[in-house]
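Structure first, commentary second.
The values are calculated or read from the model by the stated rules, or taken from the named source; none is laboratory data. Not measured: the values here are computed from a predicted model. Don't worry about glycine lacking a Cβ; one is built from the backbone with ideal geometry, like all the others, and counts go over all protein chains shown.
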Amino acid sequence: MTCMHLRTALFTAALACAAPAASAQIHYNPQTHVFRIDSAGTTYAFGVNDMQELQQLYWGKALAASDNFPAARSNDGNASFDPATSTTPQEYAGWGAGLYVEPALKITFPDGNRDLVLHYVSHTIDGNTLTIRLKDIEREVFVSLRYTTDPQTGILGRSAVIENRTSDPLLIEQAESATWTLPRGTDYTLDYLTGRWAGEDQLQQEAIRPGQRVLESRRGSTGHQNSPWFAVERDHATDQDTGDVWFGTLAWSGSWRITVEQDQLRAIRITGGYNPFDFGYRLAPGQSLDTPVFYGGYTHDGIGGASRLLHRFEIASILPQKPTPKARPVLYNSWEATEFNVDEAGQEALAEKAASIGVERFVMDDGWFGQRKDDHAGLGDWYVNPQKFPHGLKPLIDKVHSLGMDFGLWVEPEMVNPDSDLYRKHPDWVLNFTGRPRTEGRNQLVLNLARQDVRDYVYGFLDKLVTENDIAFLKWDYNRNWSEPGWPAVSPEEQKQVYVQYIDNLYSILRELRAKHPGLEIESCSGGGGRVDLGILRYTDEVWTSDNTDPFDRLSIQDGFTYAFTPGVMMAWVTDSPAWRHPGITSVEYRFLSSMQGGLGVGANLNHWTPEDFATAKRLIAEYKQIRETVQHGSLYRLVSPRGSEDSVTESVSLDRSQAAVFAFLHTSQFGYPYPRIYLRGLDPKAEYRVHWISSEPEKPGPHSELTPMPDHASGAWFMSHGVDVNLRGDFQAAAFRLDRVAADE
Ligand code: DGJ
């Protein structure tokens, strides 16, 4: 259904737009000029106001179909200091006409004019997509705003296409995807994620105050420091599962920014897109620039409900195997065991041991290529190292297959060591400013993927590698951020396009590789979780959550991760203890239970394991296979948060509520208090569930203990309302159990 040019074809458009379509959830009222998007319990509305601006009217719980929004009216402004342009909640504001809040678009024209005022021109509605066309009041600059709605979750996707139809090039200095607005209020709490290498995804919560809070990456990639995700809770509920929550996430793997601001009228505006820092996109006549998609959703079911919606959306609408991704196989990864010292015999020995405990995918990490002995050399030279693998990779891959596993390989395609044949041949292929130093990180430089020749080289060697070897999985690593982001091969005016072109080429390589090798799965890794976002997740099946594999530290990293991303992509390995970054001593079982809350892997040096360790691992991997569908694709309930607490408990419930998996951890008992009672969620209250211990069963409480013994079976109501006790005492203790719904005739 198409509605064209409102002012000239109003009547025709009104008739066309009013015709109901089977899945139509987007409506336009030609009398009031109000657009309304209804889906999955939410309503989003905005209108064309008296100034011809696009003005937000409502975002929240679904309203009655009979509720009519009055026409949008621009706000008066507060004083001469706050003109209406700034106080009216515009959907997508150009920087012009006195705008002091965060603009969505800022342009410098060649004649020095920097005033941009965007007015409504026309719109189209096509199924679940609404496109609004805006134009500057004087110049031929058009912006098409795209709104898509997901009927299952109500999550909206918003993006913009900026088109230069003038006869001169122009410079885009800021291009955001969207501004989301929440009504005036002083009772909002902002949730966001911060971190660093080996310490990702720490949840922060703070009251929203006047002014701005900026979440961003200026690093050329998503970064460990902030995740491109936010949630805003109203009247901050202590309970995870009730209350109004608005949330959003930006699908972009380059430099990005989300600005949360409370404006002069106390409305909340959340603007996100390309990071305007050092941005400058030259748009020639006839060219256009697309922004990334900024997804946003609303729920009345608290922050827990918000993440469950996001998980559902990612699984059904983002991941490459959407809408029903395959469960993540249990993998073994060689990195912590052998680091760079990989060779045929050593890897085969590890593969045999991994297969014996039920591992399904064997992944050889760094060290197999070029002259790679440590991190000083080899990146860029993607031939198999002849000393380590004299017969190529085939013997190892064949061995892995003969053991019943598939084979995965580590690559770091975007990087080059100065000590490499590639760099010696093409020193101009890296990001650099002519004549300036080239700052190294981990002894490596960043290849400028924005260059077509670099892009073709990277695609070419990956395609060859996967074509010539039976590789089911690539771990795609990226171990530093940008410095000196120059692109001397193009004109100075075009150089800053690197921020967009690099990432577009990265996506195109991933897309083409997957299209040509449909069975291939890919993991996004960037020194752990430095590149996790909904942009890269369109092309990658899983992510490496963190280089920190300490099972206790992982509890809070994983807790934070799941606010923004589904546990179905969250890889977690069981490694050695004590080891590298984790001096504390934990049992094999504790380490497994920590890792079993996501995609399970093993990264320990199996050459050092005892027969008991192998037996425990074999038993727990078999248990994991019984619950992984529930853990990876079910509904996650955070029952006790590990933040600031000795305890933490998660529960995953299958979508049909036939199974639940519960993981409980204790850091250290204090003052002899018993472990808190666990109240489960999300079960069928009337159904009967049988208890099965995944971990070894904790000691049963004595006859006069304050703890209630765990029943063999009970109703969903019992588990949720009465709750259950697990007898955890001491240091680094853990337990896990599964509930299986008992069939009515059993
Ligand atoms: C960083 C990754 O996060 C690690 O898992 C490992 O692959 C190393 N790079 C290898 O250099």
Go through the range 572-600 and give me each residue that's crowded, with 24+ Cβ neighbours inside 10 Å and over 17 Å from Ala734 (Cα atoms). Gly599
Scan the range 356-375 residue by residue and report those that are more than 30 Å from the chain's Cα centre (by Cα) and more than 12 Å from the ligand (Cβ to nearest atom). Ser356, Ile357, Gly370, Gln371, Lys373
Residue by residue through the range 376-406, note down the ones that are out of contact with any Asp or Glu (no Cβ under 9 Å at 6 or more places or on another chain) and part of a helix (DSSP H, G or I). Ser402
Subset of the range 389-418, residues surrounded by fewer than 21 Cβ atoms within 10 Å (Cβ to Cβ) and within 22 Å of Pro488 (Cα to Cα), comes to Pro418
Condition broken by Ala349, with the remaining ones in (1) surrounded by fewer than 21 Cβ atoms within 10 Å (Cβ to Cβ); (2) touching a Leu at 6+ places or on another chain (Cβ under 8 Å) satisfied: (2)
Could you pull out the residue among Tyr92, Tyr100 that is part of a loop (DSSP other than H, G, I, E, B), of a type in the set (Ser, Thr, Tyr), within 27 Å of the chain's Cα centre (by Cα) and assigned by TED's automatic domain parsing to the domain that holds Gln264? Tyr92
Residues of the range 392-441 that turn out to be of a type in the set (Val, Ile, Thr) and within 16 Å of the ligand (Cβ to nearest atom), as a count: 2
Out of all the residues in the range 472-500, which are farther than 17 Å from Phe433 by Cβ and either free of Cβ contacts under 8 Å to residues at least 60 places away in the same chain or more than 16 Å from the ligand (Cβ to nearest atom) (or both)? Ala472, Val500
Ala337: within 16 Å of the ligand (Cβ to nearest atom) and of a type in the set (A, V, I, L, M), yes or no? yes
Looking at the range 125-144, which of the residues that are farther than 23 Å from Thr166 by Cα and buried (at least 17 other Cβ atoms within 10 Å of the Cβ) is nearest to the chain's Cα centre (by Cα)? Asn128
Quick check on the range 185-194. Is at least one of its residues over 23 Å from Gly60 (Cβ atoms), polar (S, T, N, Q), modelled with pLDDT of 95 or more and in a loop (DSSP other than H, G, I, E, B)? no
Keeping to the range 533-558, report how many residues are more than 16 Å from Asn226 (Cα to Cα), of a type in the set (D, E, K, R) and away from the ligand (no atom under 16 Å from the Cβ). 2
Condition met for Thr238 (crowded, with 18+ Cβ neighbours inside 10 Å, assigned to a loop (DSSP other than H, G, I, E, B) and on the phi < 0 side of the Ramachandran plot): no
Can you name the residue in the range 184-207 that is charged (D, E, K, R) and buried (at least 20 other Cβ atoms within 10 Å of the Cβ) and, of all such residues, is nearest to Gly560 (Cα to Cα)? Asp201
Just one of Glu523, Glu512 is within 15 Å of the ligand (Cβ to nearest atom), of a type in the set (Asp, Glu) and under 27 Å from Leu445 (Cβ atoms); which is it? Glu523
